[in-house]
Amino acid sequence: MNDIPIEFTVGGVYLPPLLVAGCLGTLLAYWTTHLLNRYRLSRYFFYPPLVFVALAALYTVVVGYLLIPF
Amino acid sequence: MNKITKVKEAIKTGLAFALVFGIAMQFGWMNPYWAGWAVAVISLPTAGESIRKGMYRIVGTIPGCLAALVIHALAAQDRWLFILLTCAWMFGNTYLMVSRQKVSYVWTMSAYVCLMILLSDLDSSANMFESAVFRTVETVMGVVIYTLISVFLWPRTNLGAIKKSSAELVATLNDVCRAGRDELLVRQSPESSFAQLQGKVVQQLARFGQVLQAEGSESYEVSEVRHLWDRFQELSTVWLETAGRWQSGFAELDRINMRAVFPELPAFFDELEARSTAISEVLTGGSPGYSLHEVHLEFDPAALQRLASFDHAAVEVARREMLRLEELTAEMFECAREIQGQAAGGEAKAIPAPGPRDRATRLPVPDWDHVRSAAFVAATTGVGFLIWIFFDPPGHSGWFQLTGTVALMVALVPPLRTSRLIAPVAITSAICLAIYVLIMPQLSGFLELGSLLFLCMFLVCYFLDGMARFLGSMAILNMLQIQNEQVYSFYAMVNVFLFLVMGFTFVFVMSYLLGSPRPEKTLLRLLDRFFGSAQFLMSRIEPQPRRQSDWERWRIAFHQRQLRSFPDKLAAWSKAIDRSLFPDNTPEQIQALVTSVQTLVYRLNQFLEVGSTHEADRLTRELQGDIGTWHAGIETIFGKWSRNPEAEPVAALQQRLEAGLRRLENRIEDVVNRAGSDVNQEAGTHFFRLLGGYRGVSEAALAYAGAAQAINWTQWREERFS
């Protein structure tokens, strides 16, 4: 796996890899919390907003490690 | 509004929008979109409403500009003092914005314009005064242009609306009275429940307030007697509250033959109905030839003798409210005659408002939720400023300006969920970004640009409404970035797009700062505070009145204000609860809970009104022990509910209440027999009112327990991701 950060280009506009990984991480966190809400598992968390932020950060790191190095 | 009218209104707004840009660009004025904002915001269905909002916009712009200049003069070189002063300005203005409903928009503008001018030119403070002047001039120009267009092109006026609205209001008030009469005299359930009629009156009062402001702005005849119309509105509001208190005691009158106790009751209701009809006729310009008759509501002593003590107490409480209704209808009739010039205006009497006596504290008594809203806006502005100076993400100074403005919007409409605005902001901004990138570079003159602006605004006004329309206008004004020397920068605009989405997300995150913004959680918090205030006020009723300190008086006034405001807040938040997430709690059950809280407020106020004027007479002294136990019981229940709103099951509570009533009934009989003729009429009346107050609070608490039992509280308490 290549660990060198690579910028994304959209029509000649360069996007930093952290932005893309962050967006993906947030989307994955949103999807996870949606599932947790659906199966009433969210009630086991003390403070869901903080859990959402933590999940987004975790997913961003995982995406950065596995897919988009930043 | 039908389709043709909608097209006409959209054309008017689009035309004014394009025109103000044309004028501002022709004269080379700074930031032409400032004038565009004025048009987008004041374009309302009728000319009167637009004129009023336009005036408020101008009036609010001036203090906002001045405050910005003063803050900059004092703290140009000290960032911490700068943010402290700005947050203090935002705090004060937000508090005024949420607490002064009638001129709320003035304070919104004052706060918003201050933020706008403070950072209008970051490179130098030399142009700040120029920015403030241009902001004011362009706002005035936008207001004038839209007003001229709305007056001359397909004008829609409010003239006559006030007469219609006030007559409708009086008719519904009469329906409330008639429903009460049917229930008391005929024992027949009314066609519409009191809660339905009350809801209708509240809507009509709100509409009346809007019409009054709008017609007052375009008609000299109305503005000349504006103070009388305001008084009429105030009298109607107090009438509704009094009727609510009267109606809340009907359950206790169920077993009593009211016609026997008050032989004059049918004549009393006939007189009230005649007055309502006369008020409607006077307000619509007629001359009814009616004159006020004095009506009495005397007891039949024989029928009264036959009543049990608690029934006597209930009758005493109901009589007082009915007499107050009579007094208010007489005041309304006189006020209507003065408005129409049929009576000479004497000195206005004080409105006989129901509720506990004013404790006359000299200190200001704030509303806790208003303070929270103000703190939220100040904190959001402050944190936005810190993000800008320490991280400087895309949007730069916008983190200070836009986030403060969005926070103002949230403070104005607390049940508004910022999370639900993020997607509309992203979509409307993306559409406008596409227009900026693909269409705008092809334009070569103002005719083409003006046509584009007209078309954009026309589509927004025709297809969108309310908040969506505001967001659409915001996207046009922020994303198209029209300047005299136009340059195109895709990079800059993508950053603006990202910033708008991030800014709204940030405000959503900040809304968690003062507790969860979820409606069901807020409802739980409100209920906790409601019972906390109720317990505090009950605990301040003492058998022997003593001199209270200023601090004590202030606390009592604070909790009384809280208590009065809770039912409206609960009603607003209960409507925002997502029913699909909580299928166990139906809208009817939630409405029953809100209604029971409203009833409890009415009964508590009735009780506090008697309790606060409490002078221990002989009867009260003799029953001190029993009444004290009852008082302590109610206080304990409120204390438990303030920690858990379902703490007392209804069946156990009902048993306790019935046993307590029976015990006290026997004791009262003993004491009254022993006292004989030693008790004068005034002391007796006061005693029975006090007794009625205790019973009323207990019955209302029982009704609340019943409504609370039907709610699935566990579901509301469960944590969820927003």
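Calculated accessible area for chain B comes out at 44 Å² per residue, all protein chains present (probe 1.4 Å; ligands, DNA, RNA ignored). Could you estimate the translational diffusion coefficient of the range B:411-565 from the Stokes-Einstein equation, with Rh from the Kirkwood formula over C-alpha pairs, at 20 °C and 1.002 mPa s, in whole µm²/s? Translational diffusion coefficient: 108 µm²/s. Pairs of alpha carbons in chain A separated by more than 16 Å make up 53% of all such pairs. For the range B:21-76 versus the range B:467-538, the spacing of their alpha-carbon centroids is 21 Å. Contact residues in the range A:40-67 by the 20 Å² criterion (accessible area, 1.4 Å probe, full protein complex versus chain alone): A:ARG40, A:SER42, A:ARG43, A:TYR47, A:PRO48, A:PRO49. Helix A:17-38 against the longest principal axis of chain A: what's the angle in degrees, Cα atoms only, rounded to the nearest 10? For A:17-38 against chain A, the angle is about 20 degrees. Annotation for the range B:40-126: trypsin sites (Lys or Arg not before Pro) lying in DSSP loop with at most 15 further Cβ atoms inside 10 Å of their Cβ are B:ARG100.
Shown is the FRET efficiency for B:LEU438 and A:CYS23, computed with R0 = 25 Å from the Cβ-Cβ distance and rounded to the nearest 0.05: 0.60. With 10 Å² as the minimum drop in accessible area between chain alone and full protein complex (1.4 Å probe), the qualifying residues in the range B:697-719 are B:GLU718, B:GLU719. The orientation-averaged projected area of the convex hull spanned by the Cα atoms of chain B comes to 34.8 nm².
Here the range B:231-301 and the range A:49-70 have alpha carbon centers that stand 68 Å from each other.
Its residue count N fixes a reference of 2.2 N^0.38 Å for the range B:94-242, and the Cα radius of gyration divided by that reference is 1.51. In a reduced charge model with +1 at each Lys and Arg Cβ and -1 at each Asp and Glu Cβ, the range B:465-609 shows a dipole moment near 560 debye about its Cα centre. Set the Cα radius of gyration of the range B:623-722 against 2.2 N^0.38 Å, with N its number of residues, and you get 1.42.
The angle between the Cα long axis of helix B:226-247 and the main principal axis of chain B comes to about 50°, on a 0 to 90 degree scale.
Each of the GluC sites (Glu not before Pro) that DSSP puts in a loop and that has at most 13 other Cβ atoms within 10 Å breaks chain B; the longest unbroken stretch is B:1-190.
With bins 5 Å wide beginning at 0, the percent of Cα pairs of the range B:86-150 falling in each bin runs 4, 17, 18, 18, 20, 15, 7, 2.
Please work out the Cα convex hull volume for the range B:258-305 and give it in Å³ per residue. Don't jump to the answer; show the numbers that get you there.
On the way: hull volume 2.7 nm³, N = 48.
Hull volume normalised by residue count: 55 Å³.
Which log10 I(q)/I(0) values, to two decimals, does the range B:615-674 give at q = 0.17, 0.18, 0.21, 0.24 Å⁻¹ under the Debye formula with one point per Cα? Results for the range B:615-674 at q = 0.17, 0.18, 0.21, 0.24 Å⁻¹ read -0.66, -0.72, -0.86, -0.99. Amide H to amide H, with H built 1.01 Å from N, A:LEU15 comes under 5 Å of A:PHE8, A:THR9, A:VAL10, counting only residues 5 or more places away or on other chains. Rounded to the nearest 100, the interface formed by chains A and B buries 1100 square angstrom of accessible surface, both chains summed, with a 1.4 Å probe.
Could you compute the FRET efficiency for B:GLU168 and B:ARG667, with r as their C-beta to C-beta distance and R0 at 56 Å, rounded to 0.05? It would help to have the intermediate numbers written out before the result.
Working: r = 50 Å, r/R0 = 0.89.
So, using R0 = 56 Å, E works out to roughly 0.65.
Stretching the chain fully between B:ASP584 and B:HIS396 yields a gain of 63.0 nm (0.36 nm per residue, less the alpha carbon separation).
Straight Cα distances below 19 angstrom link B:LYS53 to the lysines B:LYS12, B:LYS102, with same-chain residues fewer than 8 positions distant left out.
Apply 1/(1 + (r/R0)^6) to the Cβ-Cβ distance of A:LEU50 and B:ASP528, taking R0 = 25 Å, and write down the FRET efficiency to the nearest 0.05. Display every interim value, and only then the final one.
Numbers: r = 23 Å, r/R0 = 0.91.
Calculated value: 0.65.
Within the straight-line cut-off of under 21 Å between alpha carbons, the lysines reachable from B:LYS575 are B:LYS200, B:LYS521, sequence neighbours fewer than 8 places apart in one chain being disregarded. Size check on the protein assembly as shown: the Cα extents along the three principal axes, sorted descending, read 98, 68, 50 Å.
Modelled spin labels at B:THR5 and B:ALA423, positioned 7 Å past Cα toward Cβ, are 3.1 nm from each other.
Rounded, prolate or oblate: which fits the range B:44-157 when a ≥ b ≥ c are the square roots of the eigenvalues of the alpha-carbon gyration tensor, with rounded for a/c under 1.5 and prolate only if a/b beats b/c?
Working: a/c = 4.28, a/b = 1.74, b/c = 2.46.
Oblate shape, in that a/c is at least 1.5 and b/c is the bigger or equal ratio.
By definition, a body whose alpha carbon gyration tensor gives a ≥ b ≥ c is oblate when a/c is 1.5 or more and a/b is not larger than b/c, and the range B:32-74 fits this oblate description. Using equal-weight Cα scatterers in the Debye expression, the normalised intensity of the range B:413-461 in log10 at q = 0.22, 0.27 Å⁻¹ is -0.85, -1.03. Over the range B:495-609, the fraction of Cα-Cα pairs per 5 Å bin, rounded to whole percents and listed from the shortest bin up, is 2, 10, 16, 16, 14, 12, 10, 8, 6, 3, 2, 1, 0, 0.
Can you tell me how the range B:1-76 classifies by the Cα gyration tensor, rounded, prolate or oblate, using a/c under 1.5 as the rounded cut?
Values: a/c = 3.92, a/b = 1.79, b/c = 2.19.
Oblate shape, in that a/c is at least 1.5 and b/c is the bigger or equal ratio.
The values are calculated or read from the model by the stated rules, or taken from the named source; none is laboratory data. Values in this document were obtained by computation on a predicted structure and should not be read as measured data. Positions of Cβ are generated from backbone atoms using ideal geometry, with glycine treated the same way; all protein chains shown enter the neighbour counts. The accessibility values were calculated without ligands, DNA or RNA, using every heavy atom of the protein model including side chains. Shrake-Rupley method; radii C 1.70, N 1.55, O 1.52, S 1.80 Å.
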